[in-house]
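What follows is a set of notes on a single structure, which appears directly below.
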Amino acid sequence: MESSPCINLKVKPYLASFITNLYGDPVNLDKDSPESRILRKFIRKSPEGETPEPEESANLTVLLPYFKEADPRVYNHLPTSGKKLLEESFHQILVRNMLDEIGNLDTYFSGKISSLVEAWMEKHGIEYSETNWNTISQKYYRLRKKYVKHN
């Protein structure tokens, strides 16, 4: 059986965990999602003589949906700038989810915010490590300072 065409990305480990927990591994996007629209807009034919190879350091694999105007068997190359755009879009999903889930509880929760962050990480399949915890908690504290407490 022929494998489905895909795009391989190298993203921060916590983001890879979050996205695969949300969409599966490999990532299977909704055809009309903003991320699929990014793929549809920026995907192109592989350069002549080049076959798509998995990136050695990639930690996130995204299946290419079928687009009638861009068959993924032919159009399966996403330039570096398109990969960066896709990563930024995935990051925005994480930020919106964090604000929605932790931010709403933060208003009513009288305990430690660090406990909320840890529970959120566990819920979304993000491995607890000092690096992941520090990164996620700092992101939340910055978001909280910027959006939650001022609105």
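The values are calculated or read from the model by the stated rules, or taken from the named source; none is laboratory data. Note that this is a predicted model, so its numbers are computed, not measured. With ideal geometry, Cβ positions are generated from the backbone for all residues, glycine too; neighbour counts draw on all protein chains shown. Just so you know, the surface numbers come from the protein's heavy atoms only, side chains and all, with ligands and any DNA or RNA stripped out. Shrake-Rupley method; radii C 1.70, N 1.55, O 1.52, S 1.80 Å.
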Exercise. For the subset of the range 103-151 comprising residues that are of a type in the set (D, E), surrounded by 11 or more Cβ atoms within 10 Å (Cβ to Cβ) and assigned to a helix (DSSP H, G or I), which member is modelled with the lowest pLDDT?
Worked result: D106
Problem set entry | Test for P65: is it in contact with a Leu (Cβ under 7 Å, 6 or more places away or on another chain), surrounded by 13 or more Cβ atoms within 10 Å (Cβ to Cβ) and either of a type in the set (S, T, Y) or free of Cβ contacts under 8 Å to residues at least 40 places away in the same chain (or both) | yes
Problem set entry | Sole residue being open to solvent by 30 Å² or more (accessible area, probe 1.4 Å), part of a helix (DSSP H, G or I) and hydrophobic (A, V, I, L, M, F, W, C), chosen from L15, L39, L22 | L22
Problem set entry | the range 68-78 - residue that is closer than 14 Å to S3 by Cα and in contact with a strand residue (DSSP E or B) (Cβ under 9 Å, 6 or more places away or on another chain) and, of those, most open to solvent (accessible area, probe 1.4 Å) | V74
For this session: Look through S57, S33, S81 and report the one residue that is among the polar types (S, T, N, Q) and open to solvent by less than 20 Å² (accessible area, probe 1.4 Å).
Result: S33
For this session: Identify, by number, the condition in (1) in a loop (DSSP other than H, G, I, E, B); (2) closer than 16 Å to S3 by Cα that D32 doesn't meet.
Result: (2)
